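Written out below as structure tokens is the structure these notes cover.
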Amino acid sequence: MTIRGFHHVAIICSNYEKSKQFYVEILGASIIEETFRKERNSYKLDLRIGTRSQIELFSFPDPPERPSYPEACGLRHLAFAVDNLDTMVKELTQKGVEVEPIRIDELTNKRFTFFQDPDGLPLEFYEV
């Protein structure tokens, strides 16, 4: 058995239009397909990240809030690989996104920082 990598990450949002705008206009994801599922009163938005990765953005009526930040059991955060962290931080801040100070990974000596999506999901830019 060989795992080839991650196909997608699924995210449930509380405000579909706000999250769609964040991932497409602020982070630069491209839309693969947008589907409204009438029986669930729910959208599913497939987004391309980079050349191979995808995010599935779901909306559901009244989803429960995230239990804590970011130490809840389960997915801790989603990290995006970037070539130039300074450029990415500058672009985010120019678009009104609050970004934590840049830190150094003590194990790899790589630079990284965290920010949040509209629902407070912790996201990371990791310089490769």
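The values are calculated or read from the model by the stated rules, or taken from the named source; none is laboratory data. Worth saying up front: this structure is predicted, and the values here are computed from it rather than measured. Cβ sites come from the backbone with ideal geometry, for glycine too, and all protein chains shown count toward neighbours.
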Could you count how many residues in the stretch 1-14 are surrounded by fewer than 16 Cβ atoms within 10 Å (Cβ to Cβ), β-branched (Val, Ile, Thr) and under 13 Å from the mean Cα position of the chain (by Cα)?
1
Got a sec? Which of 17, 33 is within 19 Å of residue 121 (Cβ to Cβ), surrounded by fewer than 12 Cβ atoms within 10 Å (Cβ to Cβ), outside the structural domain of residue 125 (by TED's automatic domain parsing) and without any contact (Cβ under 8 Å) to a residue 60 or more places away in the chain?
17
Unique match (being surrounded by fewer than 11 Cβ atoms within 10 Å (Cβ to Cβ), modelled with pLDDT of 95 or more and not assigned by TED's automatic domain parsing to the domain that holds residue 15) among 98, 91:
98
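Kindly evaluate residue 97 against the criterion of being in a loop (DSSP other than H, G, I, E, B) and either under 30 Å from residue 4 (Cβ atoms) or touching a strand residue (DSSP E or B) at 6+ places or on another chain (Cβ under 8 Å) (or both).
Numbers: in a loop (DSSP other than H, G, I, E, B): yes; either under 30 Å from residue 4 (Cβ atoms) or touching a strand residue (DSSP E or B) at 6+ places or on another chain (Cβ under 8 Å) (or both): yes.
When the stated conditions are applied, residue 97 passes them.
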Among (1) of a type in the set (Gly, Ala, Ser); (2) touching a Lys or Arg at 6+ places or on another chain (Cβ under 9 Å); (3) under 21 Å from residue 17 (Cβ atoms) - the single one residue 72 does not satisfy
(3)
Which of the residues belonging to the stretch 25-82 are touching a Gly at 6+ places or on another chain (Cβ under 9 Å) and of a type in the set (Ser, Thr, Tyr)?
53, 69
Checking the structure you have, find out if any residue of the stretch 37-53 is part of a loop (DSSP other than H, G, I, E, B) and on the phi < 0 side of the Ramachandran plot.
yes
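Could you list, in sequence order, the residues of the stretch 105-126 that are of a type in the set (A, V, I, L, M) and surrounded by 11 or more Cβ atoms within 10 Å (Cβ to Cβ)? Walk me through how you get there before you give the answer.
Keep residues of the stretch 105-126 that are of a type in the set (A, V, I, L, M), which gives 107, 121, 123.
Once the filter is applied, which keeps residues that are of a type in the set (A, V, I, L, M) and surrounded by 11 or more Cβ atoms within 10 Å (Cβ to Cβ), the stretch 105-126 yields 121, 123.
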Residue 75 versus (1) assigned to a strand (DSSP E or B); (2) hydrophobic (A, V, I, L, M, F, W, C); (3) in the same structural domain as residue 123 (by TED's automatic domain parsing): which is the lone unmet condition?
(1)
Can you tell me which residue is modelled with the lowest pLDDT among those in the stretch 43-82 that are surrounded by fewer than 16 Cβ atoms within 10 Å (Cβ to Cβ) and among the hydroxyl-bearing types (Ser, Thr, Tyr)?
69
